[in-house]
Amino acid sequence: MAWLSLFLSALFGLGFLVIRFTPMQLPVRIFYTFLRFRRRVLGAALVSGVAVFIFAGLPTEGWILIGLQVLFLLIDPITDEARIMRAVEVPEFEGDPTKSMLDPKAPVIVLEVDEDVRAYPLTYVAHHDIINDSISGRKVIVSFCNLCNVAMSYDTTDYSRKRGFAVASQYRGNMVMKDLDTHTIWQQFTGETLAGSRHPSKLSVLFSRMLPWGEAQSLFPQIKLAKTTAKERLPFSLRFFPWNRLQRSNYILGLRQRDRRLPARARVLGIESIGGDLAYLKDEVTRSGWIRNDEVRLLIVMKGECATGFLTEVDGLPRELFVREGRITDKETGSVWNLRGRGLAGPLKEYDLVDWQVHNQFWYAWSDWHMLTKLMRIEVQIVPS
């Protein structure tokens, strides 16, 4: 009995640690079983081990068994993502955003729900992985996966009746979230459930754009900025883990195979399109300043390290849009729009541009979820804005 309890402790203590930090990709049901019940099994194994130890008359080898069980029990909370990355339940906002210490060039995730516009510094979200918030009567989450550089926002009104969302673990190299009401687990990139009482379900995606803080202020005068500490304004890193080395390597936690057309952590701009998914190398688009793809009618504009996408149709007709002096311009009519897609001047200024979500992430993550993606390379240098 004592050896059985030790075996269970080793299986659920070290086993789940191996699952999280190696390229193994187990079936979802096995992954969920470890994730959901590991602490109960570890606790029960320890109690049973102590009981057997006492009834056996406190033998010397029993101390070794109990010590190992305690060690296995302690491994779990030390390596638990939910404890390391504590989700924010209710964010605080600056009273006067203009007096914030945030660098104007710092990227922020801008979420616009009805007339309420809020900005969450990227480093702030990265330090917590998940920000729970309530906007215009709707419960939302803003999330960022540090492993694969994926930022996603969702409407969680139907799934956050009492409590919000938190970090659960990682699966296929991407963060796994859990709703604290039922402990159902959700894939962060897709918003779909993996297992649990709410499976199958899917969260509604909220469009969000990433902009430098200074640009966001000028485009949204009434914007609210999440309050941050000095630490939360610094780039995310793990003190007791070779994080920076991992971010420079091709090693991927929880993913055995990948698309090798690019290095695993090459930064790409992913585009979901009806005609087929596309990916551009971020460095190439950044050097160009902007690109236009007339085949799918797409315009991508870079502002610092941030990418914004638009449909190149205005009033139902394709337009030859380009960027000049930080403004989007129609070649034929001279109409001008800002990076929010709002018309500023010209005969077409009454029409707003349609936003197109641009996913700024690592190549391995984009190609894993979009296996037939077409890799686009920029051969002609476009004059920067």
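Every read-out reported here was derived from the displayed coordinates using simple, explicitly stated rules and does not represent laboratory data. As the structure is a computational prediction, the values presented were derived from the model and not from experiment. Quick reminder, even Gly has a Cβ in these numbers, built from the backbone with ideal geometry, and neighbours come from all protein chains shown.
To make sure I understand, if each residue's beta carbon is the centre and we count other beta carbons within 10 Å, what order do ILE141, ILE135 fall in, fewest to most? List each step's numbers first, then the result.
Numbers: ILE141 29, ILE135 17.
Ordered from fewest to most neighbouring Cβ atoms within 10 Å, ILE141, ILE135 come out as ILE135, ILE141.
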- Note on the structure: Which residues qualify? For TYR171, with a placed amide H closer than 5 Å and at least 5 residues away or on another chain, they are VAL176
- Query: How large is ³J(HN,Hα), in whole Hz, for each residue of region 181-195 in order, when computed from phi with the Karplus curve 6.51 cos²θ - 1.76 cosθ + 1.60 and θ = phi - 60°, using x for Gly and Pro?
  - Reply: 6, 10, 6, 5, 9, 10, 6, 5, 6, 9, x, 9, 6, 9, 6
- Compute the convex hull volume of the Cα atoms of region 200-349, divide it by the residue count, and report the result per residue in Å³ as a whole number. 205
- For region 97-233, convex hull of alpha carbons as volume per residue, Å³: 102
- Note on the structure: The size of the Cβ-based charge dipole (Lys, Arg +1; Asp, Glu -1) of region 113-183 about the Cα centre, to the nearest 20 debye, is 280
